[in-house]
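Data first, discussion second: the structure below is written as structure tokens.
The values are calculated or read from the model by the stated rules, or taken from the named source; none is laboratory data. This structure is a prediction, so every number in the text was calculated from the model and none was measured. Ideal geometry is used to build each Cβ from the backbone, glycine not excepted, and the neighbour counts take in all protein chains shown.
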Amino acid sequence: MNKQILKKLLTISVAVALLSPLSLYVRPFVSAEDETEASETLTPDDPDDGIVSINESHTDLLNEVPANAPSVTGTSYILYDTDSDTVLLGKNIDQPLEPASVTKVMTVLLAIENLDPEEIITITPEMYYSIPEDYQMLGVTSGEQVAVKDLIYASMLLSANDAALALAIHMGGTERDFCNMMNERAAELGCKHTHFTTAYGYADVNNTTSAYDMALIFEEAISHPDFCKIATTYQYTMEPTNIYSDTRNIVNLNRFISTQEYSYDYYIGGKTGHTETAGFTLAAGARKNDRTLVGVILGSTNSDVRYLDMINMFECGFTSFSTIRIDPTEFDVITKDTINQINAKLIDTNLKVMENNVFVSDYLTTTSSRIALGCTGYAELSKVRIDPTLEEQTFEIPLCKRYADGKTYQVGHIHIVIATKDKVIELTPEKASVWTGLKKILIGAIAVVVLILILLYSIVVYRRKLKRRAEDEYRRRSRML
């Protein structure tokens, strides 16, 4: 085989190699022929196809029921970690159900967000006449002037339906319009199974929310310190009004506050509810060691049991699950190593990593026993495919934590832009400006002036030489004469 044939075969081989898509598998960057060998030498473990994505991690723990998980009495319930947005325990968490007076959590939230607590509301008949007589009432009357804060305390502690309706109509104009405000706010918070038709929790099969949605609403409510302060107040004294001359003592009917039997040290606020169609309902929050948990029970068949169930849920959440803060710097070495590996495998191409940014979640929640085992971090490259024929391509490379028991969570990603090397200048071009154009003109003008000066100088020198030569010639002739 002569040299020309060998040269042609080599050229064809190089062309085929460049046109074939390159691949990245877990750690190594390999071609089809050395994929197996590279995987064995560069990757200590085989890729785990069971990676829990960031979206899946919010409900993945529902597949792992701890041994001390309580048996909750209710059609639906949830225990939710607010830091990591993770569901720890639950049943029928997306089922729309009547929340009864737990509805007032949204009404009070909107009042805290939109009204001045010292603002005075003048009561109208529309704020109480439609409420059934057997529903809990503060007892406001037409023309009475009541402060917003008094109505909020009455709504939360006494579950006064007239107080909640007064707030609603004051904000929305009508109860129906206020319900539209409630539903819009619920949608903003990420609720997908909520439809409010009443501002105070009237028994209506169309007034529904889910345990998960109510957890989102309650999480937002307890983010306001005033809400927690109000919800944990044992007794509130309402000052006399323009019509009612005596003070009103409003006692908190929530048994987390009003009794020792159901007292819970880590309780930070809650709201109860009950109607014949909704059953017994409860939303509550607890904070321990800087962790905040939210619990919701809908459709319970027993008033007392819902409190015990909630306490047991909180205890299970604090002991069986742990939440860790994710430090982005722990992935610095992994990110650098990943980029170096990619660039090393691209060295024979016209490609290079031109841009990279790391994004990670703030928190991760999983079982306490799993966290105790420890974990390792890595970049998951098994599904990355790089095409050397493209000038630019973008990848979101998952960053993962793999625990000793094999459970693997995606906790972030590396955003990588791979482009042709000759695009380095294009990626950071000099910004065009008026000065840029003037600079070019000035440089050109200076160059022209310099050339003219050189030319003039040359002419002057030349003329001086001619003059000197003429003078010398004149003197020479004079001497000859």
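Which residues, taken from the range 328-358, are free of Cβ contacts under 8 Å to residues at least 60 places away in the same chain and either in a helix (DSSP H, G or I) or surrounded by fewer than 13 Cβ atoms within 10 Å (Cβ to Cβ) (or both)?
Within the range 328-358, Thr329, Glu330, Asp332, Val333, Lys336, Asp337, Asn340, Asn343, Ile347, Asp348, Asn357 qualify.
Of all residues in the range 255-290, which are within 18 Å of Gln95 (Cα to Cα), hydroxyl-bearing (Ser, Thr, Tyr) and buried (at least 22 other Cβ atoms within 10 Å of the Cβ)?
Thr281, the sole residue that qualifies.
Suppose we keep only residues that are polar (S, T, N, Q) and touching a helix residue (DSSP H, G or I) at 6+ places or on another chain (Cβ under 9 Å) within the range 60-74. Which one would you say is surrounded by the most Cβ atoms within 10 Å (Cβ to Cβ)? Don't jump to the end; show me each part of the working.
Looking only at the range 60-74, we keep the residues that are polar (S, T, N, Q), and these are 63, 68, 71, 73.
Next, from what is left, pick out any that are touching a helix residue (DSSP H, G or I) at 6+ places or on another chain (Cβ under 9 Å): 68, 71, 73.
Values: Asn68: 10, Ser71: 6, Thr73: 17.
Filtering the range 60-74 for residues that are polar (S, T, N, Q) and touching a helix residue (DSSP H, G or I) at 6+ places or on another chain (Cβ under 9 Å), the one surrounded by the most Cβ atoms within 10 Å (Cβ to Cβ) comes out as Thr73.
When the residues of the range 378-390 are filtered to those that are surrounded by fewer than 16 Cβ atoms within 10 Å (Cβ to Cβ) and in contact with a strand residue (DSSP E or B) (Cβ under 9 Å, 6 or more places away or on another chain), which remaining residue is nearest to Thr329 (Cα to Cα)?
Restricting to residues being surrounded by fewer than 16 Cβ atoms within 10 Å (Cβ to Cβ) and in contact with a strand residue (DSSP E or B) (Cβ under 9 Å, 6 or more places away or on another chain), the top hit is Lys383.
Suppose we keep only residues that are over 22 Å from Thr197 (Cβ atoms) and part of a helix (DSSP H, G or I) within the range 138-153. Which one would you say is farthest from the chain's Cα centre (by Cα)?
Checking each candidate, the answer is Asp150.
Within the range 161-193, restricting attention to residues that are without any contact (Cβ under 8 Å) to a residue 60 or more places away in the chain and part of a loop (DSSP other than H, G, I, E, B), which residue is surrounded by the most Cβ atoms within 10 Å (Cβ to Cβ)?
Of everything passing the filter in the range 161-193, Cys191 is surrounded by the most Cβ atoms within 10 Å (Cβ to Cβ).
Would you confirm whether or not the range 229-242 contains a residue that is modelled with pLDDT of 95 or more, among the acidic types (Asp, Glu) and in a helix (DSSP H, G or I)? Give the steps one after another, and end with the answer.
Pass one, the range 229-242, residues modelled with pLDDT of 95 or more: 229-242.
Going one step further and asking which of them are among the acidic types (Asp, Glu), we end up with 239.
Add one more test, that the residue is in a helix (DSSP H, G or I), and what stays is none.
No, every residue in the range 229-242 fails to be modelled with pLDDT of 95 or more, among the acidic types (Asp, Glu) and in a helix (DSSP H, G or I).
Every residue in the range 291-313 that is part of a helix (DSSP H, G or I) and buried (at least 24 other Cβ atoms within 10 Å of the Cβ), please.
Arg306, Tyr307, Met310, Met313
Kindly indicate which of Ala163, Ala147, Ala100 is touching a His at 6+ places or on another chain (Cβ under 6 Å), more than 30 Å from Ile324 (Cα to Cα) and not aromatic (Phe, Trp, Tyr).
Answer to the check: Ala100.
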